Amino acid sequence: MDDAVKGLVRANLADVTRLRWDIHQHPELSLKEERTAALVEAELKELGLEVKRLGDTGVVALLRGGRPGKTLALRADMDALPLPERTACPYPSQVPGVMHACGHDAHTAILLGAAQVLTALRKQLTGNVKFLFQPAEENNPTGGAHLLMDAGALEEPKVDLILALHVWPDLPVGTIGVRAGALMAASDRVFLTVRGRSSHGSAPHQGVDAIVTTAQVLTALQTIVSRNVSPLEAAVLSFGTIKGGHRYNIIAEEVTLEGTCRTLNAEVRKLIPRRLAELAENVAAGLGATCDVKYVHGYPPLVNTAEGVELLRQAGTAALGAGGVVQPDYPGMGAEDFAFYLEKVPGALFWLGCTAPGTKKIPLHNPEFLVDERALPVGVEVFVRAALAYLKG
C-alpha cells in the first residue's frame, strides 16, 4: 500500500503542479473566486464525484468509499490577497495588485490532488471523504467557513472528523508541524475614531488636536499587553492603518485607526477589549477629545483535537519518516477560520513546510512569498494517508 500511495502521488504530481500554476496566475479576492471555483468544480466532476456549489463560490464534493462507514472532511481555502506580486516565478499573477501571498493556490491544488488519489483508491475506503473548497478565508472577521457550514457542508452525510493544512514558511520543505490544543490564535478587529476640533495650525490652542491625541492613545494602548496581560500568556495588539488630517496647516479634527488583536486564552480575549476601551476613551477625554471604540470578535483560537493530531502524526510519519514530523513549541499568532469548523467537529490542521533549506524565509502575506513546489506532494500524501487510516475497514 505504501508504494501504491507514493506511486499515485508521483503520477498525479504534474497535474497538481499544473493546477497550482493556473490558480496562482489567476488569483481572486475573497468572495470573488468565480474562476477558481469553476476550475475546481470541473476537475471534481471529471473524477466522477458528487459535486455541489454552496453559495456563489464554495464547492463541496463527496467521494463514497467501497463500503459504508464514517465521513472524513478535507478542507482547502481558495482566496488571494490584495498585494502586487514581486516573485521571480515563471507563472506570476496576471491580475494587477492581487496575488496568492498566503499559499491558498497550493492548498487548493493539493486538495484536488488528494481527491485524484483517493478516487483511485475508493474501493479501499470504508466510509466517505468530503472535499471542502472554501472561499473567503481572508475575509476576517466573518470568514468563509460559515458560508459552507450554514449551507450544510458538514451534513448529509454528517462529518465525523475534519482535517486541513496551511503552508508554513517557518518549516523546511519535507516536514510538517502539528500539535494538540491551540495551534493558532483568535483574531479580532479593532476600530478607533479619535475626534477633536479643527483650528488653524498656527493657533493649536483654539482647537483639539486629534493627531496628538491619537499618539497618546496609541502609546497608552501598548501597555495593555505589557502590563495587563500575564507574561505567561500570549497576546498581540497591532494597528495597521492610521488616517487623519486635511492639510499641513490645519489642526486635524478626526483620526481613524484599524488594528488587530490576537489571543489564545479566553480570559485574555475578554480582558483586552475592556482595557482598550477604558484607556482609549479616558486618555482622549484627558486631552479634550473623544475616542469611539469598536471591537469586533473574529476568528476564535484554532484548537486541534487529540484524535486529529494523532491521525496526522501517523500519516506524516508514514510519508516522511519520524524526523519529518515536528511538534511546534508554541502556537502561531496567525489566525485561520478553520477554527470555526473545529468548534463543531473534531479534527486538526497541520503546518506544511514550504521553505527550501538554505534559502531566505519569506513570510506569509508578503509580495515575495512563494511556496517551494516540493511541498505539494507532501501535502497530498499526508492527506491521502490520513484518509486511508481513518477510513480503513
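The values are calculated or read from the model by the stated rules, or taken from the named source; none is laboratory data. From a predicted model like this one, the values you see are computed outputs, not experimental measurements. Note that we place each Cβ from the backbone using ideal geometry, even for glycine, and neighbour counts take in every protein chain shown. For accessibility, only protein heavy atoms count, side chains too; no ligands or nucleic acids. Shrake-Rupley method; radii C 1.70, N 1.55, O 1.52, S 1.80 Å.
Quick notes on this structure:
- Count of residues meeting criterion [surrounded by fewer than 16 Cβ atoms within 10 Å (Cβ to Cβ), in contact with a helix residue (DSSP H, G or I) (Cβ under 9 Å, 6 or more places away or on another chain) and of a type outside the set (D, E, K, R)] in the range 26-60: 1
- Residues satisfying the stated conditions in the range 196-214, i.e. part of a helix (DSSP H, G or I) and in contact (Cβ under 8 Å) with a residue 60 or more places away in the chain: A210, V212, T213
- When the range 77-106 is filtered for residues that are of a type in the set (A, V, I, L, M, F, W, C) and touching a Ser or Thr at 6+ places or on another chain (Cβ under 6 Å), the ones remaining, listed by number, are M78, M99.
- Flag for V129 being closer than 21 Å to K70 by Cα, assigned to a loop (DSSP other than H, G, I, E, B) and among the aliphatic types (A, V, I, L, M): no
- Residue in the range 31-38 that is within 30 Å of R189 (Cα to Cα), at pLDDT 95 or above, out of contact with any strand residue (DSSP E or B) (no Cβ under 9 Å at 6 or more places or on another chain) and part of a helix (DSSP H, G or I) present: yes
- All conditions in (1) outside any loop (DSSP other than H, G, I, E, B); (2) of a type outside the set (A, V, I, L, M); (3) modelled with pLDDT under 95 hold for F340, with the sole exception of (3).
- Given (1) in contact (Cβ under 8 Å) with a residue 24 or more places away in the chain; (2) open to solvent by 20 Å² or more (accessible area, probe 1.4 Å); (3) within 16 Å of M184 (Cα to Cα), index of the condition D329 fails: (1)
- Test: residue in the range 140-153 that is assigned to a loop (DSSP other than H, G, I, E, B), open to solvent by 10 Å² or more (accessible area, probe 1.4 Å) and under 30 Å from A318 (Cβ atoms): no
- Residues of the range 341-393 satisfying the condition of being open to solvent by less than 40 Å² (accessible area, probe 1.4 Å), aliphatic (A, V, I, L, M), closer than 17 Å to G177 by Cα and under 17 Å from the mean Cα position of the chain (by Cα): A348, L349, L352, V371
- Residue list for the range 186-202, filter: within 30 Å of F340 (Cβ to Cβ) and either open to solvent by 20 Å² or more (accessible area, probe 1.4 Å) or not aliphatic (A, V, I, L, M) (or both): S187, D188, R189, F191, T193
- Residues (of a type in the set (F, W, Y) and in contact with a strand residue (DSSP E or B) (Cβ under 7 Å, 6 or more places away or on another chain)) located in the range 312-339: F338
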